[in-house]
Amino acid sequence: MEEKDAYEILEKIQRGTSTEEELLLFDQWYFQYAHQHVREYSEVELLAIQEEMRRKLPVPVEQGISGNELIGKPLLYRWPFLAVAASILILSGFAYYLFYLSHPKTEVIISAEKYSNDVAPGGNKAYLTLANGQRISLSDAKNGELAQESGVKITKMANGELSYQITKKGQNSGNKDDSYNTIETPKGGEYRINLPDGTKVWLNAASTLKFPSSFARLVNRRVELLGGEAYFEVAKDPTHPFIVASNRQELKVLGTHFNINAYPEESTVKTTLLEGKLQLTNTDSSNKFILQPGQQAALAKNGFHIYEVDVAAAIAWKNNKFVFDNEGIEEVMRKIERWYNVSVEFEGERPTDKFTGTVSRFDQLSSVLNLLELTGNVHFKIEGRRVLVRK
């Protein structure tokens, strides 16, 4: 079977219109030739494809992988990582629901009584504090120049970003300046900033970044993530290392793309590298580690733990998605709490199930909660900006 034919069948599988013969042809093609080609699809989409194959192929669901043995197992279990992920899908059923219920053909019905009021998603909201103490609401400020300090012009762009540009005065200045600015996003806010050196930073909700108003006379380009989550695309400058200090760790880079999750309410600080190389230092013990692309360093009380991870999931928030990867309800609700700027309260026994799936961060709060409820293991009620959670 040609590759183009395989992709046509894959589209049919996603739409739920494939025949049993097409499913078998696709499975055979994938197993023999195409392990790399299908990686452009997300894990959630592939899980949904596998569920469609499970539903249509005449194979008992109870059959599965025992250890690493594949003998006598149905064809669909030969898929490399889907075989592992299948257990998650069977336990929670969440990936299947999120994929199919977010499809344009499907209507999600929200209970009017349960969600008598709703909460809109977050958006571009942030506050900039200048070195002189002036505090500017970026969501209220008009586009254009906001201020000038330390030879740098600060501008709010038409697309909502904040940009720092060195002026002629700043280029000609011989004075070393150590003034700092701070940008903070509230709950329900996010923002993107272009730093004076050209580095791009995306800030997630409830995050704070402190940085020099100018890097021009500094040996090291040092910034501080005082809390929250940020994605960095560091401008290359081998002679001036870029350093990010956050909770109990320090990162040193020359030019790279990475994400730091350093919310104080989370048990670990997670640093995920997408491109380049990072040197991490545990400021408690001075232990150093080199992080490679595709790896995540989780800093816990007992030091760093290094994992191979799906980097797309780590930066899903930057791409306007929630990705729940086998997460407990507490972790899921902390993400929701920060983005929708709500308080979460648990009533009675807490659900112990794990949730896996993807949903847009543009959706109303009720839509996200309704999808979670489809597992049948958790229930919600919205009261103003308070969300009640019960089993």
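The values are calculated or read from the model by the stated rules, or taken from the named source; none is laboratory data. Fair warning: this is a prediction, and the values are worked out from it, not measured in the lab. Glycine gets a Cβ as well: all are built from the backbone with ideal geometry, and neighbour counts include every protein chain shown. SASA here: full protein model, heavy atoms, side chains in, ligands and nucleic acids out. Shrake-Rupley method; radii C 1.70, N 1.55, O 1.52, S 1.80 Å.
At R0 = 51 Å, how high is the FRET efficiency between T129 and L25 if r is their beta carbon distance? Nearest 0.05 is fine.
0.25
What does the extension gain come out to for M157 and N143, with contour length at 0.36 nm per residue minus their alpha carbon separation?
The M157-N143 span can extend by a further 4.5 nm.
Send over a whole-number figure in Å² for the accessible area per residue of segment 301-388, probe 1.4 Å.
On the way: 3970 Å² over 88 residues.
Per residue, segment 301-388 has 45 Å² of solvent-accessible surface.
Which one of T182, N247, F215 has its Cα pushed farthest toward the positive end of the charge dipole of segment 162-290, where Lys and Arg give +1 and Asp and Glu give -1 at the Cβ?
Projecting each Cα onto the dipole axis, the largest value belongs to F215.
Please state the charge dipole magnitude for segment 298-391, taken about the Cα centre, from unit charges on C-beta atoms (+1 on K and R, -1 on D and E), reported in debye and rounded to the nearest 20. It would help to have the intermediate numbers written out before the result.
Numbers: 14 positive and 14 negative charges, 60 e Å.
For segment 298-391, the charge dipole is close to 280 debye.
Within segment 329-382, report the GluC sites (Glu not before Pro) that DSSP leaves as loop and that have at most 15 other Cβ atoms within 10 Å.
Listed in order of number, the matching sites are E349.
Taking amide hydrogens as modeled 1.01 Å from N in the peptide plane, which residues meet the under 5 Å criterion relative to T283, leaving out close sequence neighbours?
Q249, E250
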